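Chemist: Quick one: this structure, given as structure tokens, is what I'll be asking you about.
The values are calculated or read from the model by the stated rules, or taken from the named source; none is laboratory data. Owing to the predicted nature of the structure, the values given are computational and were not obtained by experimental measurement. Glycine also receives a Cβ, built like all others from the backbone with ideal geometry; neighbour counts cover every protein chain displayed. Heavy atoms of the whole protein, side chains included, go into the accessibility calculation; ligands, DNA and RNA do not. Shrake-Rupley method; radii C 1.70, N 1.55, O 1.52, S 1.80 Å.
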Amino acid sequence: MLRRILVCAGMVLAAYPPAAIPQSASTSRAFLDTYCVTCHNQKAATAGLALDKMDLEKVGEDRAVWEKVVHKLRTRAMPPPGRSRPDAPSYNLLITRLETELDRAAAAKPDPGRTAVHRLNRAEYANAIRDLLAIDIDSESLLPVDEVNHGFDNIGDALSVTPVLMERYMSAARKIGRMAVGQPEIGPFSETYEIPRFLTQDDRMSDDLPFGSRGGIAIRHDFPADAEYTIRVFLQRNSRDYIRGLAEPHQLDFRLDGERIKLLTVGGGPELKGEPGPTFSQAGKIGDRASETYEHGGAEQPLEVRFRAKSGQRLVAVTFLSKNAIAEGVFQPPLTQFQLVQYKGGNPYIDNLVITGPYDVTGVADTPARQKIFVCRPTRTADEEPCAGKILSTLARRAYRRPVTDKDVRTLLRIYEAGRSEGDFEAGVQAALERILAGPEFLFRIERDPAGVPPGTAYRISDLELASRLSFFLWSSIPDDQLLDLAESGKLKDPAIFEQQVRRMLGHPRSRSLVTNFASQWLYLRNLGSKTPDPKLFPEFDENLRQAFQQETELFLESTLREDQSVLRLLDANYTFLNERLAHHYGIPDIYGSHFRRVTLRPEFDARRGLLGQGSLLTVTSYANRTSVVLRGKWLLENLLGAPPPPPPPNVPSLEESGTDGKPLPLRQLMENHRKNPGCASCHATIDPLGFALENFDAVGRWRSADAGTPVDSSGVLPDGTQFEGPLGIRNVLLSRPEEFAAVFAERMLVYALGRGTEYYDYPAIRTIVRDAAREEFRWSSLILATARSMPFQMRRSEQ
């Protein structure tokens, strides 16, 4: 089926190559006069567009206007619903004529646009630190949230710089410098790691925790020196400040880098005079002084472990050992959020742990970060400055993404000398490293026009600039040594070498940023963390389900990327990734355990195929108390169809939540009442049919057949008359127009790759990307490679 669709798409795209114009100017004029000029003329000028005097013999002279016309025609947004419409062949003939003329004009006078100075956003900053110094940092705690524009947080124009932000970057640089070099002179300090309040801890929580464990947390903690440290565990309490789950003893396992350092017991009662104390039930022993003391904090007093660790980032894990026995009695479903805060029984959960130290420091180990920094080690005082120069030039080359100059090294050596005067050799290196990390050469990607280029002229960017564009596109990080070496030697511009590098980088684990940064923002997946479904209406929703939603979609996206599938598979793949919690939510049987695994969907679960059946996107496009036809329809229009609706007019009344008698009504009926307002009807005629297609999924992605006691009606009709039914129907509509979905994907990817919004002069390049990718069935690699080869990606316009 997919191959037939792709073959048809390729035939459509290839039917009219750029050299051929299948429709005369007079025929095109007749089309416009019949269907468009009634509204879009110099007198009415609807939407500021007048087509009656536009010269169809000179399409290339008004590219901005004609690109807008092409977009409206291709998405069938015009003529508006209710007006007479041409047949499909007439649409296609005019679209092809206009696109051919526009592409020809673009080839004669290319305009690659001009990217702004680009500050590293916090995701790019964290990745760059990881690749430069082998340190994982929590950028969310170090840097503020970046502003989003055009759907992404890497848009140069939106990445503003303020004095407060620069202070945060300087503070981050100081902290990272200490982490990288080590701190043998530092005194003890504490760091707290918390577990979300409503995260149920009745299963293994992470692949970093051992098999046979339950609950707990695994974190990567930076130990500043070889020394002793303590881990103190605090347990979760109910709303009356009782520690939960103390009726029976539970073993608490402390591990460092996978090796057990201590096994303690919690629960089962206090020990009085060496004898086991009373045991506890949910309501028992209230008022007993020993019991009250134990349950109000005495139980967690012994939960502290002292141990010795070497410096560097190490995996710390604290978890309960799972019990093999299954409690007798009737099966109890998971507790709701309301029940959880009241409940006193069940299993104990960890609330947070505190790591304190260092004590009894003995030195600093040769960590991966120190290995990257100290490429030489002086044995004499006379050797210190030459060694420092070698260290700093090596670091600066990678951080600045270019060869370093003598001026660069002299600047850093002056800072090294100031740091050295107040400490030792390593203190001087640390001071200079902090200057690198807070300096503009690292924090900003600046592309400079070559000398002698006339204003407003398109030119090919340098190999070094191309290397940075490519690495931040595919990895959201700095180039590695191989890419940088090729750029310095001038070989990266060679098409064969360039393609080899793109494919190499796609095969690297760092390319996962295409999932976590590009796709996650394109599909609004990042918004999932801010969604809070009403716990009274959806008591089964908890932090575990939220995390399961996120992991399902990320694993699914990554599988299509790693297997180089067609991006059309995002719409209809017959598999997903589930654990027991998520499978139970979807009603899919025979999936057990907390571990995610790839599951082929049986025919009865076809509605779950592809992105449209995943709880993450269905929850993101819903309100806290109900589904939203508008949010879901708008999401489909923007992200899959490339036809975003206009913003709502001012003073639009909100949707009534019930009928005039106060009884709940199905959403379709509420929307019909809402559309009676003339100011709402025009936009909702396009949005609502798409949103209704997903109405069989409730606000947290469960399948339902009724809404407010009425059978769900998930049918709809598009403005061009196409009818569909439910998620399967809208999926088939999208798959029947593969080039449209591929064009949307290509445009969003180009925005992300360039770090700027698209303009009218970018659309010929987008059409070229789609045509090139169609030859390889719209595989991820074909779209990525075509984007990286595109004129806007490889060129730039000089300043006017």
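Chemist: Evaluate the following for ARG232: is it of a type in the set (D, E, K, R), at pLDDT 95 or above and either part of a strand (DSSP E or B) or under 27 Å from the mean Cα position of the chain (by Cα) (or both)? Break it down stepwise before answering.
Modeler: Details: of a type in the set (D, E, K, R): yes; at pLDDT 95 or above: yes; either part of a strand (DSSP E or B) or under 27 Å from the mean Cα position of the chain (by Cα) (or both): yes.
Yes: the conditions hold for ARG232.
Chemist: Of the residues GLY716, GLY729, only one is in a strand (DSSP E or B), farther than 25 Å from GLU563 by Cα and open to solvent by less than 20 Å² (accessible area, probe 1.4 Å); which?
Modeler: Only one candidate qualifies: GLY716.
Chemist: To continue, here is another question. Restricting to region 219-246, name every residue that is among the small types (Gly, Ala, Ser) and surrounded by 21 or more Cβ atoms within 10 Å (Cβ to Cβ).
Modeler: Those that are among the small types (Gly, Ala, Ser) and surrounded by 21 or more Cβ atoms within 10 Å (Cβ to Cβ): ALA225, ALA227, GLY245.
Okay, residues lined up against (1) over 26 Å from the mean Cα position of the chain (by Cα); (2) at pLDDT 95 or above:
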| residue | (1), (2) |
| --- | --- |
| TYR416 | yes, yes |
| ASP424 | yes, no |
| GLN430 | yes, yes |
| ALA438 | no, yes |
| VAL453 | yes, no |
| PHE472 | no, yes |
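Residues are listed down the side, and each one gets a yes or a no for (1) closer than 26 Å to PRO689 by Cβ; (2) of a type in the set (D, E, K, R); (3) in contact with a Ser or Thr (Cβ under 7 Å, 6 or more places away or on another chain); (4) without any contact (Cβ under 8 Å) to a residue 60 or more places away in the chain:
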{"site": "ASP534", "(1), (2), (3), (4)": "no, yes, no, no"}
{"site": "GLU543", "(1), (2), (3), (4)": "no, yes, no, no"}
{"site": "GLU558", "(1), (2), (3), (4)": "no, yes, no, yes"}
{"site": "VAL599", "(1), (2), (3), (4)": "no, no, yes, yes"}
{"site": "THR621", "(1), (2), (3), (4)": "yes, no, yes, no"}
{"site": "ALA624", "(1), (2), (3), (4)": "yes, no, yes, no"}
{"site": "LEU631", "(1), (2), (3), (4)": "yes, no, yes, no"}
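Chemist: Of the residues that sit in region 189-218 and are of a type in the set (A, V, I, L, M, F, W, C) and farther than 24 Å from GLU295 by Cβ, which one is surrounded by the fewest Cβ atoms within 10 Å (Cβ to Cβ)?
Modeler: The qualifying residue surrounded by the fewest Cβ atoms within 10 Å (Cβ to Cβ) is PHE211.
Chemist: Mind listing whichever residues of region 394-408 are free of Cβ contacts under 8 Å to residues at least 60 places away in the same chain and either among the basic types (Lys, Arg) or open to solvent by 30 Å² or more (accessible area, probe 1.4 Å) (or both)?
Modeler: Correct list: THR394, VAL404, THR405, ASP406, LYS407.
Chemist: I'd like to verify a number: residues in region 254-264 that are farther than 28 Å from GLU292 by Cβ and surrounded by 15 or more Cβ atoms within 10 Å (Cβ to Cβ), how many?
Modeler: Of the residues in that region, 3 qualify.
Chemist: Continuing with the same structure: Output the residues belonging to region 758-800 that are touching a strand residue (DSSP E or B) at 6+ places or on another chain (Cβ under 7 Å), of a type outside the set (Phe, Trp, Tyr) and in a loop (DSSP other than H, G, I, E, B).
Modeler: GLU777, SER798
Chemist: Okay, moving on. Name the one entry in ARG767, ARG771, ARG789, ARG748 that is at pLDDT 95 or above, open to solvent by 10 Å² or more (accessible area, probe 1.4 Å) and touching a Leu at 6+ places or on another chain (Cβ under 6 Å).
Modeler: Sole residue among the options that is at pLDDT 95 or above, open to solvent by 10 Å² or more (accessible area, probe 1.4 Å) and touching a Leu at 6+ places or on another chain (Cβ under 6 Å): ARG771.
Chemist: Within region 440-450, does at least one residue satisfy the condition of being under 18 Å from LYS175 (Cα atoms), in contact (Cβ under 8 Å) with a residue 40 or more places away in the chain and either polar (S, T, N, Q) or out of contact with any Ser or Thr (no Cβ under 7 Å at 6 or more places or on another chain) (or both)?
Modeler: Looking through region 440-450, at least one residue is under 18 Å from LYS175 (Cα atoms), in contact (Cβ under 8 Å) with a residue 40 or more places away in the chain and either polar (S, T, N, Q) or out of contact with any Ser or Thr (no Cβ under 7 Å at 6 or more places or on another chain) (or both).
Chemist: Same structure, new question: Among the helices (runs of 4 or more DSSP H) lying completely within region 539-628, list those that include at least 2 residues that are open to solvent by 10 Å² or more (accessible area, probe 1.4 Å) and farther than 29 Å from ARG197 by Cβ.
Modeler: Per the criteria, 543-562, 569-572.
Chemist: Just to be sure I understand, how many residues within region 768-798 are more than 23 Å from VAL453 (Cα to Cα) and either in contact with an Asp or Glu (Cβ under 6 Å, 6 or more places away or on another chain) or hydrophobic (A, V, I, L, M, F, W, C) (or both)?
Modeler: 14
Chemist: Would you point out which residue out of THR768, THR787 is touching a residue at least 40 places away in the same chain (Cβ under 8 Å) and touching a Ser or Thr at 6+ places or on another chain (Cβ under 9 Å)?
Modeler: THR768
Chemist: Of the conditions (1) assigned to a loop (DSSP other than H, G, I, E, B); (2) crowded, with 18+ Cβ neighbours inside 10 Å, ALA742 clears all except one; give me its number.
Modeler: Looking at each condition in turn, ALA742 falls short on (1).
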